[in-house]
Amino acid sequence: MDALGIDLPRLLTFLVGFTVIAVFLRMFLYGPITRMLDQRAERIRDSLDAAERASAEAASSAERVEQELANARGEGQALIAEARDAASRLRDQEVERTRAQVDEMLDRAREEIRREQEAAVEEVRREFAGIAILAAERIVEQSLDEGAHRELIDRVLDEGLDARRN
Amino acid sequence: MLSSPKAIAIAVFLLAVALISVLGGALGAAFGGGFLGGAVPLIQIPSELVTHIGGYKLVNTVVMFGAAMLVLVLLTWLATRKLSEVPGRWQAIMELLYEFFIGLAESTSGKTGRIFIPVATAIFLVVLFSNWLGVLPVVGTIGRVETTQEFFFHKLEKKLAEGNQTELLEGLHHDVGKNGEGLGHFIASHADSEDLQKYLGKTLETYGEQRFVVFDGGGVRILPLGRGEDYKVTLIDIAAYDIADPVHPTEEDVVKIGRRVDESVAPGPVPSSEFFTENPDKYDGFEGKRVGLLVPYLRGSSTDLNMTLAIALFAMVSVQFWGIKTLGIGGYWDKFIGNPFKRNPIDLFVGVLELVGEFIKIISFTFRLFGNMFAGEILLIAMGFLFPLIGMIPFIGLELFVGFIQAIIFSVLTLMFGAFAIMPHHHPEGDHADGAGGH
């Protein structure tokens, strides 16, 4: 022990010295530093949680926006389809109505034409009566044969027609 | 790279320094150089006395331990003065250290592992700074000169104590000062004592070849440069060069020795005028100087076995404490022997070995650190001796690295032993640590 220089007072000096410094480091270095480390770990954990929550929230809101967008798109499409439907219905109706009108107009025109025709025929007939009367007057004036008859009628007709034409 | 004149100048300068260092060192001394060679200082395992404080002997390693403690207090102040969640540089370094140990402890023992941290990190820091401060240039080179008188006094005192010469010891303590003042007079005045003759002879027999360095004066000295080993003289040369049989001195011889022991203290012809005039070549330039041993004021505290033993004891006591605290006294005892009658013989044998191992660990801790650091110190001295100026440079780096590694080894092993200690006993072949491993 002597050759190695180990002696009790010196050993105790180091032992006490080491104990003192170990206690000192425990109180003033280890304590504060680990407290700080734990505090920071806590803080980081909290921040991570908050970030996670925020990102989850963001994800869910994005989903909601997507959903709403999809809804809006669907609604829009439905609206467009409806509008298109309505437009086509409207057009059909319009076409139908126009056709009806045209038909009506045609009918009316036809009716008118018919009436005009009838009126014309009536007039012609009335004219004819006059002409016939006229012809009868002439017939009475002249005796007539078959050939003369026909010529007479034709002449009356021609006259009648010419009178109408002028 | 060597194209610029600046680079060439630097290269030439470095080459010149290297050349001077080789020529000036011990190697160059063989060819007439050696002008830078320092004398190799006293290398001894026990730490050296700096001064007495009352009855307490203050040694240089204790001084350095105090310095290491101061550095740690400073470090604590630096690391914790502005404690914040966004750490400053010092705080970050200490956090790194604690996180490393906490990580290690929690990976081996889970949350319980935290109980090891204060002790393991204190060991790390104390050992690290003890090691690193020991590499500083002022350590081991500045000190007081221990005179031949003082040296002789302590050795004679030791020999007398070994021989149980209480009467002579009492006289010695009464007549001679603590640093050996008046030793020569005491020796001369007791020259007729046969016991003194005998123990003086024994002292010279054991320590006669001790070589003393020649200094320019007394007081605080720096290890002198130049002359290297030539600048040394042995105890025999100083005190008993012309005595036919120094191991068995006669009354006449003792008177001579006493006179020379006192003479060698005062600046003057060394070793003694007659010897000096008879050997003018060997002791050229010794005139007017003093001989003695350089006792460094500072020596790395981990080069003292007391220090390494103290920390090893602290570590192993802590390990036992953790084991008992976690497992209870019975549970902890069960790791080793438990109930010897209920245990199978192999298991019992292993348990006994492990119990012995706990004590072996103290010894392995003690000598691993001491051996590494003491060897490092000697390595630096030897390199300074062989290649002054540059020889130490790479080895200083090496020593800083070794100092760090030793600190890690000591603290991490403590932590690991702790981790093993708190594991309950399971299998006979598990749970035993390698106490003798290491660097």
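The values are calculated or read from the model by the stated rules, or taken from the named source; none is laboratory data. In this text the structure is predicted, and so the values were computed from the model without any measurement. Cβ coordinates were reconstructed from backbone atoms using ideal geometry, including for glycine residues, and neighbour counts include every protein chain displayed.
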Task: Condition broken by residue A:27, with the remaining ones in (1) part of a helix (DSSP H, G or I); (2) within 8 Å of chain B (Cβ to nearest Cβ) satisfied - done: (2)
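Kindly provide the set of residues from the range B:163-180 that are among the aliphatic types (A, V, I, L, M) and in a helix (DSSP H, G or I), ordered by number.
B:168, B:169, B:172
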TODO: Considering every residue within the range A:53-60, establish whether at least one is within 31 Å of the chain's Cα centre (by Cα) and surrounded by 10 or more Cβ atoms within 10 Å (Cβ to Cβ).
DONE: yes
Open item on the list: Pairs please, first residue from the range B:168-184 and surrounded by 21 or more Cβ atoms within 10 Å (Cβ to Cβ), second anywhere and in a loop (DSSP other than H, G, I, E, B), Cβ atoms under 6 Å, 6+ apart in sequence or on different chains.
Closed with: B:176/B:182; B:183/B:176
Task: Residues satisfying the stated conditions in the range B:53-102, i.e. among the aromatic types (Phe, Trp, Tyr) and at the interface with chain A (Cβ under 8 Å from one of its Cβ atoms) - done: B:56, B:65, B:98
Task: Given (1) facing chain A (nearest Cβ under 10 Å); (2) farther than 21 Å from residue B:296 by Cα, index of the condition residue B:46 fails - done: (2)
Open item on the list: Residues that are closer than 30 Å to residue B:367 by Cα and within 14 Å of another protein chain (Cβ to nearest Cβ): does the range A:47-63 have at least one?
Closed with: no
TODO: Check residue B:310 against each of (1) assigned to a strand (DSSP E or B); (2) within 14 Å of chain A (Cβ to nearest Cβ) and name the one condition it does not meet.
DONE: (1)
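Would it be correct to say that residue B:403 is modelled with pLDDT under 90, in the same structural domain as residue B:314 (by TED's automatic domain parsing) and of a type in the set (Gly, Ala, Ser)?
Here the answer is no, as residue B:403 does not meet what is asked.
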- [ ] Identify all residues within the range B:103-133 that are more than 10 Å from chain A (Cβ to nearest Cβ) and surrounded by fewer than 21 Cβ atoms within 10 Å (Cβ to Cβ); write none if there are none.
- [x] B:103, B:104, B:106, B:107, B:108, B:110, B:111, B:112, B:115, B:132
TODO: Confirm whether residue B:137 is within 30 Å of residue B:290 (Cα to Cα) and without any contact (Cβ under 8 Å) to a residue 12 or more places away in the chain.
DONE: yes
Task: The listed residue being closer than 19 Å to residue A:21 by Cα, of a type in the set (Gly, Ala, Ser) and surrounded by fewer than 17 Cβ atoms within 10 Å (Cβ to Cβ), out of B:54, B:88, B:66 - done: B:66
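Looking at the range B:320-336, which of its residues are buried (at least 17 other Cβ atoms within 10 Å of the Cβ) and not basic (Lys, Arg)?
Answer for the range B:320-336, where residues must be buried (at least 17 other Cβ atoms within 10 Å of the Cβ) and not basic (Lys, Arg): B:322, B:323, B:326, B:327, B:332, B:333, B:336.
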